[in-house]
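Here's the structure we're looking at; comments come further down.
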Amino acid sequence: MKVIIISGTPGTGKTTLAKKLAKKLDFEYIDINKIIKKYGLSGGYDKKRKCEVVDIKKLNKRLIKTINQYKKLSLKKKSINKESLRKIKNKIKGLIIDSHLSHYLPPRYIDLCVITKCNLRILQKRLKKKHYSKEKIRENLDCEIFDICLNEAKENKHEMIIIDTTKGINMKPILSEIK
């Protein structure tokens, strides 16, 4: 079972890419925001930035547990005979984990890290469309300018590819990397 994380600055196309990729590969899609809410991993709310403050250590611990649970299910399904296997609706081939926090996961749990990038003008338009404040737009543009997610993923030594989503999403480089 493969585990792919999709990370990048908010607004660069992570969720669009993650959902398309999950559908194309028939992988399970995991939205980290739902995990944060479900397991109460927020340490509070930042009123200035209008976002949850997340404890990365707790989040990673929960995500590792989730990945291991899926891997156990995947292994069990391999030992089931072909007739029974057809009856199982959600055969688990892999996971797509979507969040600008996903690159904090240790690389030993991840097969591939995909970093999304976007032209700054397009990113600004996307963030305005999401009704981000001027301050939050500026902060996210700065993150994109300084390649924060990319550099942190490199520091964590993830095997990665970079996808520019400015003109849409090209699945070919990702699919060729996975196969």
Single unsatisfied condition, GLU155 versus (1) closer than 14 Å to PRO10 by Cα; (2) without any contact (Cβ under 8 Å) to a residue 24 or more places away in the chain
(1)
If I ask for residues that are β-branched (Val, Ile, Thr), part of a helix (DSSP H, G or I) and out of contact with any helix residue (DSSP H, G or I) (no Cβ under 6 Å at 6 or more places or on another chain), which ones from the stretch 129-173 would you list?
ILE145, ILE148
Residue match in the stretch 13-21 (condition: at pLDDT 95 or above and farther than 30 Å from LEU120 by Cβ)
no
Across the stretch 39-60, the tally of residues that are in contact with a Phe, Trp or Tyr (Cβ under 9 Å, 6 or more places away or on another chain), surrounded by 12 or more Cβ atoms within 10 Å (Cβ to Cβ) and part of a strand (DSSP E or B) stands at 2
In the stretch 87-143, what residues are of a type in the set (Asp, Glu), more than 28 Å from LEU25 (Cα to Cα) and either free of Cβ contacts under 8 Å to residues at least 40 places away in the same chain or surrounded by 22 or more Cβ atoms within 10 Å (Cβ to Cβ) (or both)?
ASP142
Being at pLDDT below 95 and buried (at least 16 other Cβ atoms within 10 Å of the Cβ) is true for just one of LYS77, LYS82. Which residue is that?
LYS77
Counted residues in the stretch 23-36 being crowded, with 21+ Cβ neighbours inside 10 Å and in contact with a Gly (Cβ under 9 Å, 6 or more places away or on another chain) come to 1
List every residue pair whose Cβ atoms sit under 6 Å apart, with the two residues 6 or more apart in sequence or on different chains, where the first one lies in the stretch 56-84 and is of a type in the set (Phe, Trp, Tyr) and the second, anywhere, is modelled with pLDDT of 90 or more.
TYR70/LEU95
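The values are calculated or read from the model by the stated rules, or taken from the named source; none is laboratory data. Being a predicted model, the structure only gives us computed values, none of them experimental. Note that we place each Cβ from the backbone using ideal geometry, even for glycine, and neighbour counts take in every protein chain shown.
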